[in-house]
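**Q** Provided herewith is a single structure, encoded as structure tokens, for subsequent inquiry.
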Amino acid sequence: MHKQGAILLVAGTCIGSGMIALPMVLAKLGLLPSVLLMLSIWFIMYYTSLVNVELNLQAGRGLSLGALGRLFSGKVAEALGTVSLKLLSYSLLAVFIYGGSSIVQQLLSTMQCDYSFTQIASCYTLATVLILLLPIKFIDYFNRMLFIGLVAVVLLLVVGLTLSIEWSNLPLVSRQYTDLASWAAVVPVVFTSFGFQVIFHTLTNYCGKDPKVLKSAFFWGSLIPAVVYILWTCSTLSAVHHDSPAFYSQMIEGKAEVGELIQVLSGITQWESLQVLVWAISLLAIATSVLGVGAGLCESLRVMLPKSISGQNARSLLAALITVLPAYAVVMCVPNAFIAVLGFAGMILAVIAVLLPVYLLSKLKTDGRYYQELRKKGLIVLSTVAALAVIICEI
């Protein structure tokens, strides 16, 4: 059961803001370049996940990236790993809280219920804190239910959107796909959409440090989001291109907002039941990511708390508050930063997912490897170049 739960935790952590962000940014490229880009980034993220798992297995237990840096290199690597991972986690949580609250606000407004964004974001944050107080086993089972619901909704909605597509007029290639500026804006966001690196140490311990189970969990756990993203993005872009060309042009120009995309999709799906699914898929995607990222960050913070805080409940509550409140503060202070924060997170993710783990792998004093794929220097170099490209794009 741990294997299935681990797969869904990886997939649930990965699928989130990307469900909304990917159609908004990939309109700049068109369907064919978008599919090729998503498949390429999926492969790089899966391959480098083996590097991260290898480091945890060589350490003999699940450790945060900062602790791995100290173990295999020293204090500088520890500081870089700790700061980068925490910065990424807080950035993603801010994106998830902002996106989830924005979608809830839009949904309630369609029901003639007017609540301020601050009120909704506060309730969303409180609910996240309460869920993080649950043991990881319960979070796992709760995430399984959410994720199964998400996949079911995606399949139904893709079928509904497909019926509205004019197959003779698909946006296969956008005019902007040759523009380097378009790629620079898109690549970091797509890279972030495949982010699940905050839960390596959590799953290493959860899966009993079993190399085969972990490899399978990260392969299938990352492949499922890749397939879902491709189906969702292609059907969404095709439907919007056909039914709302004006809004499609807004997406190409980077002027579209989160709530507007959900409203447009809701309008395209003429069936009332499918309109409900549009909102459901958005909320489920955000919720599964909050659980994955929040659980990983909360556990690492709980370990870092002073030993003078001896009560288990007190440590759990304090860790949950420290996990969520900084992200909540960002949401309150930085309005309309959904895509911008995702792009920034992509730059940080390139460091913690690829560059630092590859460096630490080179510092291992043993030639023994749990994963023989890591002996292929060409793939290591390719992954490193790709990570540097993401950083350059964001800069």
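The values are calculated or read from the model by the stated rules, or taken from the named source; none is laboratory data. For clarity, every value in this text was computed on a predicted model and none was experimentally measured. Cβ atoms come from the backbone with ideal geometry, glycine included; neighbour counts cover every protein chain shown. Quick note on the areas: whole protein, heavy atoms, side chains included, nothing else; ligands and nucleic acids left out. Shrake-Rupley method; radii C 1.70, N 1.55, O 1.52, S 1.80 Å.
**Q** Leaving out ligands, DNA and RNA, what percent of the accessible area of the chain is carbon and sulfur, probe 1.4 Å?
**A** Here carbon and sulfur together make up 67 percent of the probe-accessible area.
**Q** Ordered by residue, what ³J(HN,Hα) values in Hz, to whole numbers, does the stretch 209-215 give under the Karplus form 6.51 cos²θ - 1.76 cosθ + 1.60, where θ = phi - 60° and Gly and Pro are x?
**A** Per residue, the Karplus-derived 3J(HN,Hα) values read 6, 8, x, 5, 5, 5, 4 Hz.
**Q** A follow-up question, please. Between residue 113 and residue 155, what FRET efficiency follows from the Cβ-Cβ distance if R0 is 30 Å, with the result rounded to 0.05? Walk me through the numbers on the way to the answer.
**A** Values: r = 29 Å, r/R0 = 0.98.
For residue 113 and residue 155, the calculated efficiency is 0.55.
**Q** If you don't mind, another one. Tell me, how many Å apart are the Cα centres for the stretch 74-89 and for the stretch 339-395?
**A** 14
**Q** Then there's this: Would you tally the net charge around residue 320, using a Cβ to Cβ cut-off of less than 11 Å, leaving residue 320 out, and scoring K and R as +1, D and E as -1?
**A** Net local charge, residue 320 excluded: +1.
**Q** Taking only Cα atoms and a 10 Å spring cutoff, compute GNM fluctuations for the chain and point out the largest among 223, 374, 130.
**A** Sorting by GNM fluctuation, first place goes to 130.
**Q** Further question: What are the ³J(HN,Hα) values, in whole Hz, obtained from phi via the Karplus relation 6.51 cos²θ - 1.76 cosθ + 1.60 with θ = phi - 60°, for each residue of the stretch 309-314 in sequence order, with x given for Gly and Pro?
**A** Using θ = phi - 60°, the values come out as 8, 8, x, 5, 5, 5 Hz.
**Q** Grab the Cα-Cα distance for residue 36 and residue 167, subtract it from 0.36 nm times how many residues apart they are, and report the gain in nm with one decimal.
**A** Full extension of this stretch gives 45.2 nm more.
**Q** Springs between alpha-carbon atoms under 10 Å, Gaussian network over the chain: tell me which of 51, 173, 76 tops the mean-square fluctuations.
**A** 76
**Q** Full-extension gain between residue 332 and residue 362, please, as 0.36 nm times their residue separation minus the C-alpha to C-alpha distance.
**A** Extra length from residue 332 to residue 362 when fully extended: 6.7 nm.
**Q** I've got another one for you. How charged is the neighbourhood of residue 309? Take every other residue with its Cβ under 12 Å from the Cβ of residue 309, and add Lys/Arg as +1 and Asp/Glu as -1.
**A** +3
**Q** Which trypsin sites (Lys or Arg not before Pro) in the stretch 1-108 sit in a loop by DSSP (not H, G, I, E or B) and have at most 12 other Cβ atoms within 10 Å of their own Cβ? Please list the in-between numbers first.
**A** Values: sites: 3, 28, 61, 70, 75, 86; in loops: 28, 61.
Those that pass, being in a loop and sparsely packed, are 61.
**Q** Largest first and in whole Å, give the semi-axes of the stretch 153-283's equivalent ellipsoid, each being the square root of 5 times a Cα gyration tensor eigenvalue.
**A** Taking √(5λ) for each Cα gyration eigenvalue gives 32, 20, 13 Å.
**Q** Could you work out the relative contact order of the chain? I mean the mean sequence separation of Cα pairs under 8 Å and 6+ apart, divided by the number of residues, in percent. Before the final figure, lay out each step's value.
**A** Values: 571 pairs, mean separation 148.9, N = 395.
This gives 38 percent for the chain.
**Q** Over the chain, give the accessible area per residue in Å² for a 1.4 Å probe, as an integer.
**A** 41
**Q** Peptides 175-185, 246-256: what's the order by average Cβ count within 10 Å, highest mean first?
**A** 246-256, 175-185
**Q** Take the alpha-carbon centre of the stretch 319-335, take the same for the stretch 31-64, and report the distance between them in whole Å.
**A** 27
**Q** For the chain, set up a GNM with springs between Cα atoms under 10 Å and report which of 304, 45, 347 has the largest fluctuation.
**A** 304
**Q** Still on this structure, please answer the following. How much length is gained if the chain between residue 370 and residue 385 is pulled fully straight, taking 0.36 nm per residue apart and subtracting their Cα-Cα distance, in nm to one decimal? Walk me through the intermediate numbers first.
**A** Working: separation 15, 0.36 × 15 = 5.40 nm, distance 2.41 nm.
Extra length from residue 370 to residue 385 when fully extended: 3.0 nm.
**Q** Let me ask you something else. Can you give the three extents of the C-alpha atoms in the stretch 1-150 along their principal axes, from longest to shortest, in whole Å?
**A** 57, 43, 36
**Q** Residue by residue through the stretch 347-361, what is 3J(HN,Hα) from phi via Karplus (6.51 cos²θ - 1.76 cosθ + 1.60, θ = phi - 60°)? Round to whole Hz and write x for glycine and proline.
**A** Couplings: 5, 5, 4, 4, 6, 7, 8, 10, 5, 5, x, 4, 4, 5, 4 Hz.
**Q** Right, another one. Output the peptides 88-97, 321-330 sorted from most to least packed, where packing is the average of other Cβ atoms within 10 Å over each peptide's residues.
**A** Result, highest mean first: 88-97, 321-330.
**Q** List every residue whose amide H lies under 5 Å from the amide H of residue 172, counting only residues 5 or more places away in sequence or on a different chain, with H placed 1.01 Å from N in the peptide plane.
**A** 31
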